[in-house]
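These notes are about the structure you will find just below.
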Amino acid sequence: MAKMIHSKYGYEPPEWVQADARLDKWCKDKKRRAKQHGAFSLDKNKEEAIMNFGEALEELKRGNCVARKGWNGKGIFIKLKKGESLNTPNNRFNEVMTHDFIYIDTTGLRTNNPNAPMDRVPWLASQTDMLADDWVVVE
């Protein structure tokens with residue numbers, strides 16, 4: 001039976017522990033050199049302004065798109081659609097929304113589910129959404 005060594009992952013063969021140590025050293029060295037030369041960043045988490053729902057609504061009013069970090073789907077956001085005047089060109093009287101409304105855009109949803117809806121539809125906040133503190137502005 002092969003000798004096992006206790007590591008941060010449990011008991012492993014010595015060659016696995018050595019490979020993990022080399023990989024950890026390589027990652028630390030890569031980060032140090034990147035920071036030193038300013039070439040690129042290996043940090044995936046950029047500083048994002050996390051907001052509550054009230055702050056997210058203010059961003060919507062400024063014309064920005066917002067989303068919750070806690071939403072399962074990536075590529076989903078909400079946006080405010082401004083209402084239009086009834087005096088629109090081309091006699092579109094029956095097609096015009098005269099009040100502002102919020103819609104959810106799932107056209108950029110990244111998923112493996114081929115049946116997932118890719119739409120823009122009016123959105124209504126749940127109590128969970130209104131009480132959440134993980135809102136961010138999205139591009």
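The values are calculated or read from the model by the stated rules, or taken from the named source; none is laboratory data. Note that the structure is a prediction, hence the values are computed from the model and not measured. Neighbour counts are summed over all protein chains in view; Cβ atoms, including those assigned to glycine, are modelled from backbone coordinates with ideal geometry. Only protein heavy atoms, including side chains, enter the accessible area calculation; ligands, DNA and RNA are left aside. Shrake-Rupley method; radii C 1.70, N 1.55, O 1.52, S 1.80 Å.
If you sort TYR9, TYR103 by accessible surface, 1.4 Å probe, largest first, the order is TYR9, TYR103.
Between ILE5 and THR107, the simple spin-label model (points 7 angstrom out along Cα→Cβ) gives 5.5 nm. For VAL138, nonlocal amide neighbours, meaning residues 5 or more places apart or on other chains whose placed amide H falls under 5 Å from its own, are CYS65, VAL66, ALA67. Only protein heavy atoms count here; on that basis, with a 1.4 Å probe, ASP133 has an accessible area of about 110 Å².
Scalar couplings 3J(HN,Hα) for segment 125-139, obtained by applying the Karplus form with A = 6.51, B = -1.76, C = 1.60 to θ = phi - 60°, are 6, 7, 4, 4, 5, 5, 9, 6, 10, 10, 7, 9, 7, 10, 7 Hz; x denotes Gly and Pro. Note on PHE101: accessible area approximately 60 square angstrom, rounded to 10, probe 1.4 Å, nucleic acids and ligands left out. Among the trypsin sites (Lys or Arg not before Pro) within segment 53-139, those in coil by DSSP and having at most 14 neighbouring Cβ atoms inside 10 Å are ARG62, LYS69, LYS82, ARG92. GLU12 contributes an accessible area of around 20 Å² to the protein surface, as traced by a 1.4 Å probe with all chains present.
Amide H to amide H, with H built 1.01 Å from N, ILE102 comes under 5 Å of LYS81, TRP123, counting only residues 5 or more places away or on other chains. Couplings 3J(HN,Hα) for segment 20-27, derived from phi with the Karplus relation 6.51 cos²θ - 1.76 cosθ + 1.60 (θ = phi - 60°), are 4, 5, 5, 5, 4, 5, 4, 5 Hz, where x marks Gly and Pro.
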